[in-house]
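Novice: Before I ask anything, let me first share the structure, which is written out below as C-alpha cells.
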Amino acid sequence: MELDFAAEIQSGIIPSSLPNWNGLRFASFYQPMGKVSGDYLDVFEFNDHIFCLMADVSGHGVPAALITMSAKQAFSTIIDEDLKPAEIFRQVNATLVERIQTSDYLTCFLLKIDKKNNFLYGSAGHPKAIHLDAGRERYPSWTRRVCLLVL
C-alpha cells in the first residue's frame, strides 16, 4: 500500500506531456522498472530558453526514488536560463553531496535550447547523446535500444 502511494507521488514529478516550444515538438516515454525507480526526466521552460533533463540514479527501488525526489527539488531550484549546463551540474552536485550520505550517484543529460534553436548540452556520466537528422533514412541498429530525445 505505501509503495503504491510512493509510486503515485513519483509519477507526479514526471511530466505526463511535454510542451511544444518555439516550433519544436517533444515526446517522452516513462516506464519504471519497478513500482518506483531512479529514472527522471523534466522540462524547464523560460522566456528565451528551454531545458530538457534526463537523469538516472544508481540502484533501484525506494532508495533510488528518494534520491530522484531530492534531485528534482535541486534542479527545480537551481536551473536558471542564464546558466550553462555545466554550472547547473556543479550546483546540483554540491547540493546532493550535502544531502545524500550514501554511495549512490546520479547520471544526467541536460539540453539547453534558445529561441534560435541553438543548443548547448552537458552530460554528467550519462550515455552519449545521439543527434538524429530528420532527413536521414537509416540509423544505426543500436539506437533502437537506447533512450532518445529527438528534436
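The values are calculated or read from the model by the stated rules, or taken from the named source; none is laboratory data. Just so it is clear, the structure is predicted and the values come from calculations on it, not from any experiment. For neighbour counting, all protein chains shown are included, and Cβ atoms are generated from backbone atoms with ideal geometry for every residue, glycine included.
Novice: Among the residues of the range 97-126 satisfying the criterion of being among the acidic types (Asp, Glu) and touching a strand residue (DSSP E or B) at 6+ places or on another chain (Cβ under 7 Å), which is modelled with the highest pLDDT?
Specialist: Asp114
Novice: Still on this structure, please answer the following. Can you pull out every residue in the range 18-76 that is closer than 25 Å to Met1 by Cα and basic (Lys, Arg)?
Specialist: Across the range 18-76, the qualifying residues are Lys35, Lys72.
Novice: Determine whether Phe26 is crowded, with 16+ Cβ neighbours inside 10 Å, modelled with pLDDT under 85 and of a type outside the set (A, V, I, L, M).
Specialist: The answer is yes for Phe26.
Novice: Which of the numbered conditions does Pro19 fail, given that it passes all the others? Conditions: (1) without any contact (Cβ under 8 Å) to a residue 40 or more places away in the chain; (2) under 21 Å from Lys115 (Cα atoms); (3) not in a loop (DSSP other than H, G, I, E, B).
Specialist: All conditions pass for Pro19, except number (3).
Novice: State all residues of the range 22-52 that are out of contact with any Lys or Arg (no Cβ under 9 Å at 6 or more places or on another chain), more than 25 Å from Tyr105 (Cα to Cα) and of a type outside the set (A, V, I, L, M); if no residue qualifies, say none.
Specialist: Within the range 22-52, Gly23, Arg25, Phe26, Glu45, Phe46 meet the criteria.
Novice: Might you let me know whether the range 52-70 holds any residue that is of a type in the set (S, T, N, Q) and either at pLDDT below 85 or outside any helix (DSSP H, G or I) (or both)?
Specialist: yes
Novice: Give the residues of the range 99-121 that are among the charged types (D, E, K, R) and surrounded by 19 or more Cβ atoms within 10 Å (Cβ to Cβ), sorted by residue number.
Specialist: Of everything in the range 99-121, just one residue is among the charged types (D, E, K, R) and surrounded by 19 or more Cβ atoms within 10 Å (Cβ to Cβ), namely Lys112.
Novice: Taking the options Asp42, Asp4, name whichever one is touching a Leu at 6+ places or on another chain (Cβ under 9 Å) and of a type in the set (Asp, Glu).
Specialist: Asp42
Novice: Search the range 57-72 for residues being hydrophobic (A, V, I, L, M, F, W, C) and surrounded by fewer than 20 Cβ atoms within 10 Å (Cβ to Cβ), and hand back the single one that is farthest from Gly125 (Cα to Cα).
Specialist: The qualifying residue farthest from Gly125 (Cα to Cα) is Val62.
Novice: Can you name the condition, by its number, that Phe89 falls short on among (1) more than 13 Å from the chain's Cα centre (by Cα); (2) modelled with pLDDT of 90 or more; (3) among the aromatic types (Phe, Trp, Tyr)?
Specialist: Only one criterion is unmet by Phe89, namely (1).
Novice: Which of the numbered conditions does Phe75 fail, given that it passes all the others? Conditions: (1) in a helix (DSSP H, G or I); (2) loosely packed, with under 13 Cβ neighbours inside 10 Å.
Specialist: Result: Phe75 passes all but (2).
Novice: Looking at the range 81-131, which of the residues that are in contact (Cβ under 8 Å) with a residue 12 or more places away in the chain and acidic (Asp, Glu) is farthest from Gly61 (Cα to Cα)?
Specialist: Asp114
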